[in-house]
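The values are calculated or read from the model by the stated rules, or taken from the named source; none is laboratory data. In this text, all values refer to a predicted model and were calculated from it rather than measured experimentally. Methodologically, a virtual Cβ is constructed for each residue, glycine included, from the backbone with ideal geometry; neighbour enumeration extends over all protein chains shown. Heavy atoms of the whole protein, side chains included, go into the accessibility calculation; ligands, DNA and RNA do not. Shrake-Rupley method; radii C 1.70, N 1.55, O 1.52, S 1.80 Å.
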Amino acid sequence: MKGNKKLLAVAAIILLLITPVLVFSGGQQEAAAPTVEKEEAPAKAKPFKLAVVVPGVAAGSPLYEQLVAGAQKAVDEYPNASMKVVELGFNQAEWAEKMTSIVATGMYDAVISSNPSMPFVSMDLASQFPDQKFIFVDAFIDGHPQMASYLYNQVEQSYMLGHLAGLITTSKMKGANADLKIGIVVAQEYPALNKMMVPGFLQGAQAINPGITLDYRVVGNWYDANKAAELANSMIDSGVDVIGVICGGAAPGVFKVCGERNKYVMYWDDNSYAKAPGVIAGSGALHQSKLVYEVVVDAINGMVDYGSGTKLHSRDGYIEFVSDDPNYISTVPADIRAKQQKVVDAIMSGEMILKIPEL
Ligand code: RBF
């Protein structure tokens, strides 16, 4: 009892002492410490403008859709933040010029974009506008004071997909044939593709059988679904029964042909089983909307470490093989899924290390 009274008295004194502060603060969070208020309150209220640059077209490209969604989620949480989405379109020769016209407005505290070419597309522009800050996801640049970048370990995503492709092509699944041939349809060549994705995919498949070969085809752009379909047909004619697809908006061409001819697709970037149930037999996922959300929140709060390049692995939670989707479970038999899961678990836990090469 005695102790309680003493506590009550102390609480009353504290309340008396802080009441004026609470009254004066008018509900503002920063008002508790007047000295801090002077320096921090205006900084927090300062408008933050973000340019979200889609190098291509968002629709049909999951990583770009996630870029926009992640940025939007962060901006929605901060009343002082706003963003503008700009699509650069499919003509890559125009990208640097279009980026310049965004940056030249001087309006944006940061520009965020996604794909491995964007740091290099922006390099000259960065020296012309030394105050402009850039954030690149799905890209790598280290040591540039105006740029922060985040690179996914695409060897891991690709190995997991290749491993399943290997299991399927050597299986008795209804679309699988006796040939040890898998394929990949890509939109265009770039270092991250040639050094991480294609080798990772093949390495994963060859872990099942070293005799497996890869039929590699290039569409030439990120939108031509008819061309992608033509390539898929020709690959299937030559004995391919599982096709990896990294060609953005052209991918539905491969889905269609594989659906018609009872073959299988491996898909990167997002849980996409529902886009072609029974045809997409394996899907990886990059958690780009989560990454972008976190990085944009940091940018709004002035916490981005410009000058750094960050490498993200499966064990960091940004890369996944989607094994709990009902379409995966109904398309791929349990014994194959069990073998696949062992490798997925080993990669996710960090027990199996697949290094990112120099790009
Ligand atoms: N991926 C897409 O899904 N759609 C695109 O339009 C697209 N355009 C790209 C353009 C360039 C120059 C580069 C280097 C990559 C592009 N990517 C695109 C690929 C993307 O960055 C990533 O590598 C793949 O989606 C696999 O994760």
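Structure data summary
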quantity: Subset of the stretch 198-227 [part of a helix (DSSP H, G or I), within 16 Å of the ligand (Cβ to nearest atom) and open to solvent by less than 40 Å² (accessible area, probe 1.4 Å)]; calculated: Val198, Gly200, Phe201, Gly204, Ala225
quantity: Candidates Val332, Val304, Val292, Val296, filtered to the one that is β-branched (Val, Ile, Thr) and within 22 Å of Gly244 (Cα to Cα); calculated: Val332
quantity: Condition met for Asn262 (away from the ligand (no atom under 14 Å from the Cβ) and either crowded, with 18+ Cβ neighbours inside 10 Å or closer than 29 Å to Lys311 by Cβ (or both)); calculated: no
quantity: Subset of the stretch 270-300 [surrounded by 24 or more Cβ atoms within 10 Å (Cβ to Cβ) and within 18 Å of Ala225 (Cβ to Cβ)]; calculated: Val279, Ile280
quantity: Any hit, the stretch 249-268, residues being within 23 Å of Ile135 (Cβ to Cβ), touching a residue at least 24 places away in the same chain (Cβ under 8 Å) and not hydrophobic (A, V, I, L, M, F, W, C); calculated: no
quantity: Selection status of Ala250, touching a helix residue (DSSP H, G or I) at 6+ places or on another chain (Cβ under 6 Å), open to solvent by less than 10 Å² (accessible area, probe 1.4 Å) and within 16 Å of the ligand (Cβ to nearest atom); calculated: yes
quantity: Residues of the stretch 93-117 that turn out to be over 25 Å from Asn153 (Cβ atoms), open to solvent by 40 Å² or more (accessible area, probe 1.4 Å) and within 16 Å of the ligand (Cβ to nearest atom), as a count; calculated: 5
quantity: Qualifying residue in the stretch 199-210 (condition: among the aliphatic types (A, V, I, L, M), within 22 Å of the chain's Cα centre (by Cα) and farther than 17 Å from Gln154 by Cβ); calculated: no
quantity: Residue satisfying all of: in the stretch 66-91; open to solvent by 50 Å² or more (accessible area, probe 1.4 Å) and touching a Ser or Thr at 6+ places or on another chain (Cβ under 8 Å); nearest to Ser283 (Cα to Cα) among these; calculated: Ala69
quantity: All helices (runs of 4 or more DSSP H) inside the stretch 1-109 with 3 or more residues being at pLDDT 50 or above; calculated: 34-45, 62-77, 95-103
quantity: Neighbours by Cβ (under 6 Å, 6+ apart or cross-chain): first from the stretch 106-126, over 21 Å from Ala69 (Cα atoms); second in a helix (DSSP H, G or I) and of a type outside the set (Phe, Trp, Tyr); calculated: Val121/Ala96; Ser122/Met99; Leu125/Met99; Leu125/Thr100; Leu125/Val103
